[in-house]
1. Collect the residues in the stretch 21-50 that are closer than 18 Å to Arg206 by Cβ, part of a loop (DSSP other than H, G, I, E, B) and in contact with a Ser or Thr (Cβ under 8 Å, 6 or more places away or on another chain), keeping them in residue-number order.
2. What is the one condition in (1) of a type outside the set (Val, Ile, Thr); (2) out of contact with any Gly (no Cβ under 9 Å at 6 or more places or on another chain); (3) at pLDDT below 95 that Ala173 does not satisfy?
3. Only one of (1) under 24 Å from Pro166 (Cα atoms); (2) surrounded by fewer than 19 Cβ atoms within 10 Å (Cβ to Cβ); (3) at pLDDT 95 or above fails for Ile124. Which number is that?
4. Considering the stretch 106-146 alone, what residues qualify as being under 26 Å from Ser69 (Cα atoms), over 15 Å from the mean Cα position of the chain (by Cα) and assigned to a loop (DSSP other than H, G, I, E, B)?
5. Any residue at all in the stretch 12-19 that's under 23 Å from Leu170 (Cβ atoms) and either at pLDDT below 95 or part of a strand (DSSP E or B) (or both)?
6. Within the stretch 30-39, is even one residue touching a helix residue (DSSP H, G or I) at 6+ places or on another chain (Cβ under 8 Å), modelled with pLDDT of 95 or more and over 25 Å from Ala162 (Cα atoms)?
7. What number of residues within the stretch 90-119 satisfy the criterion of being out of contact with any Asp or Glu (no Cβ under 6 Å at 6 or more places or on another chain), surrounded by fewer than 20 Cβ atoms within 10 Å (Cβ to Cβ) and aliphatic (A, V, I, L, M)?
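The values are calculated or read from the model by the stated rules, or taken from the named source; none is laboratory data. None of the values given here were measured: they were computed from a predicted structure. With ideal geometry, Cβ positions are generated from the backbone for all residues, glycine too; neighbour counts draw on all protein chains shown.
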Amino acid sequence: MEFQYFGGNCISIATKKATLVIDDNLAELGLKSITKQDNVSLYTHIPKKVASSRLVITDPGEYEVSEVSIFGIAARAHMDESGAQSATIYKIQYDDLRVAIVGHIHPDLSEDHLESLGLIDILIIPVGGNGYTLDAVGAMQIVKKIEPKIVVPTHYEDTEIAYPVPQQPLSEALKVFGVEAADPISKFKPKPVDFSDNLRIVVLDRQ
């Protein structure tokens with residue numbers, strides 16, 4: 001797998017046979033959509049406009065495409081009332097790697113959520129807060145429950161992105177995580193040496 005970050009919650013995950021694009025609502029944020037016709041599009045929430053691609057996934061369920069297993073799990077969105085479940089968490093599995101993408105969810109994950117997710121190697125999670133999405137404290141709450149080896153933060157302050165509400169700087173999240181991140185990188189292609197018993201934060205430059 002190869003990971004790239006494009007702003008907001010938008011991440012691409014490329015394998016040898018497919019490219020998955022997560023939450024490409026970049027046009028709503030004043031950026032350019034990156035989705036191509038042959039991509040697989042996943043949305044953790046229903047966008048105003050769905051990008052045109054060969055497969056669009058917006059709902060919970062089990063999916064298989066180009067040797068990638070995708071599990072969508074219904075969850076309470078960050079701004080949902082109690083009992084509502086308008087968001088979708090995704091677990092993506094390819095070869096021996098297991099990736100969780102939570103999107104704008106409420107931090108109170110249930111035991112059913114954790115059981116459905118199982119073991120996770122890489123967690124992709126927003127940290128910008130201010131009532132719109134998870135802040136660093138809520139994100140850390142989820143990190144402690146899921147216990148991934150690697151966390152990739154998204155949806156933090158960026159002066160070139162027109163967020164609906166101001167987002168907190170990434171530096172604030174790193175303080176709460178209590179883990180020093182290495183210098184940002186443009187692409188992340190995880191190798192066995194990247195995983196250890198200690199939590200690692202991988203910061204991706206916006207492309």
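1. So in the stretch 21-50, the residues closer than 18 Å to Arg206 by Cβ come out as 21-35.
In the following step, the residues that additionally are part of a loop (DSSP other than H, G, I, E, B) were identified as 23-25, 30-35.
Selection gives Asp23, Asp24, Ile34, Thr35.
2. (2)
3. (2)
4. If the condition is that a residue be under 26 Å from Ser69 (Cα atoms), over 15 Å from the mean Cα position of the chain (by Cα) and assigned to a loop (DSSP other than H, G, I, E, B), then Asp108, Leu109, Ser110, Gly118, Leu119 are the ones that fit.
5. yes
6. Within the stretch 30-39, none of the residues are touching a helix residue (DSSP H, G or I) at 6+ places or on another chain (Cβ under 8 Å), modelled with pLDDT of 95 or more and over 25 Å from Ala162 (Cα atoms).
7. Number satisfying all stated conditions: 2.
Matching residues to (1) touching a Leu at 6+ places or on another chain (Cβ under 9 Å); (2) surrounded by 14 or more Cβ atoms within 10 Å (Cβ to Cβ); (3) more than 14 Å from Tyr5 (Cβ to Cβ); (4) free of Cβ contacts under 8 Å to residues at least 12 places away in the same chain:
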position	(1), (2), (3), (4)
Gly128	yes, yes, no, no
Gly131	no, no, yes, no
Val143	yes, yes, yes, no
Thr154	yes, yes, no, no
Ser171	no, no, yes, yes
